[in-house]
Amino acid sequence: MRVKNIIIGLLGEGATGKTTFALTLSGQKVSRTLMTVAPTAHVLKISDVFVTLWDFPGQRIFRIAVENKLRSSDFHVIFFFIDASGMSRLIETLSALPQWYKMLSDDVKNKALKYIIINKADIPTSVINEAIAIMEGKKYTTLIEALKEYIPDLEYFIISAKYGFALIDSRKINLVTLINLVIDRAVERGLYAYQYI
Ligand SMILES: Nc1nc2c(ncn2[C@@H]2O[C@H](COP(=O)(O)OP(=O)(O)OP(=O)(O)O)[C@@H](O)[C@H]2O)c(=O)[nH]1
Ligand SMILES: [Mg+2]
């Protein structure tokens, strides 16, 4: 039997929550994570689709290995992670996205669906409103203009990887619902591979 397989790359700076996201979606209770030291695949079955989440190390010491792997990787969807736990982390992790984008293969740059994942919305002092203002071009306009060169429509989702929710129009939805939405968009565009089981 053949089933659809959607390959999602989780990219972004260290400690933005990529591994927490992959583990929460896999249904694992996450108490603490260690920094990721090598690209790691997590395979989930959601509805009738296999989703392969490629979780990359964000720390700079692993950059050469990451670059080599990214150059030869094929993704249907990219999630660029940023950390909204505070203003300086938000700017730091957002400013790094062009570097992540540049490491992708041309095919992925041209075809893959790309989303910015604004994480850690559960923290009471998180800067979600500032993050939205930046994304909408109301603040840090030079930063956002530079980013639009790489990710033209700058679509973003606000989530808590740790508590497994996303905020859509201030409404909480489950992360699985969010992934289903992304799967539907990928399938609509023909962005999937087949896996034989
Ligand atoms: N409050 C809160 N903390 C989070 C969330 N997501 C991740 N964290 C915390 O942030 C820290 C880093 O999380 P990881 O998932 O390991 O981050 P990473 O992006 O995989 O980091 P690298 O593997 O080094 O690239 C951990 O202490 C997590 O518990 C979240 O949604 N809310
Ligand atoms: Mg990690």
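At what distance in nm do the modelled label points of residue 71 and residue 136 sit from each other, each positioned 7 Å from its Cα along Cα→Cβ?
4.2 nm
Taking the beta-carbon count within 10 Å as an exposure proxy, list 1, 87 from fewest neighbours to most. Before the final figure, lay out each step's value.
Values: 1 5, 87 12.
Ascending number of Cβ neighbours within 10 Å: 1, 87.
Taking the simple approach of a point 7 Å from Cα along Cα-to-Cβ for both residue 184 and residue 31, what is their distance in nm?
Label-label distance for residue 184 and residue 31, simple model: 3.8 nm.
One quarter of the convex hull surface, Cα atoms only: what value does that give for region 2-196 in nm²?
10.6 nm²
Suppose the chain between residue 95 and residue 107 were pulled fully straight at 0.36 nm per residue; how much longer would it get relative to their current alpha carbon spacing?
Here the answer is 2.0 nm.
D for region 129-197, whole µm²/s, Stokes-Einstein with Kirkwood Rh over alpha-carbon pairs at 10 °C and 1.306 mPa s: what number?
The diffusion coefficient I find is 111 µm²/s.
Got a sec? How would 46, 128, 179 order by Cβ neighbour count within 10 Å, fewest to most? Numbers along the way, then the final one.
Values: 46 13, 128 16, 179 23.
Starting with the residue having the fewest Cβ neighbours, the order is 46, 128, 179.
For region 14-106, what's the relative contact order in percent, using C-alpha pairs closer than 8 Å and at least 6 residues apart?
26 percent
Among 76, 42, what is the fewest-to-most ranking by other Cβ atoms within 10 Å? Please list the in-between numbers first.
Working: 76 26, 42 18.
Sorted ascending by nearby Cβ count, the order is 42, 76.
For region 2-196, what is the percent of antiparallel DSSP beta bridges, rounded to the nearest 5?
Details: 18 of 39 bridges.
If I count the DSSP bridges inside region 2-196, around 45 percent turn out antiparallel.
Give the long-range amide H neighbours of residue 161: residues separated by 5 or more places, or on another chain, with amide H under 5 Å away, using H modelled in the peptide plane at 1.01 Å from N.
120, 121
Every number in this text was worked out from the coordinates using simple rules, so none of it is lab data. Note that the structure is predicted; figures quoted are calculated from it, not measured. When we count neighbours, we look across all protein chains shown, and the Cβ atoms used for this are built from the backbone with ideal geometry, even at glycine.
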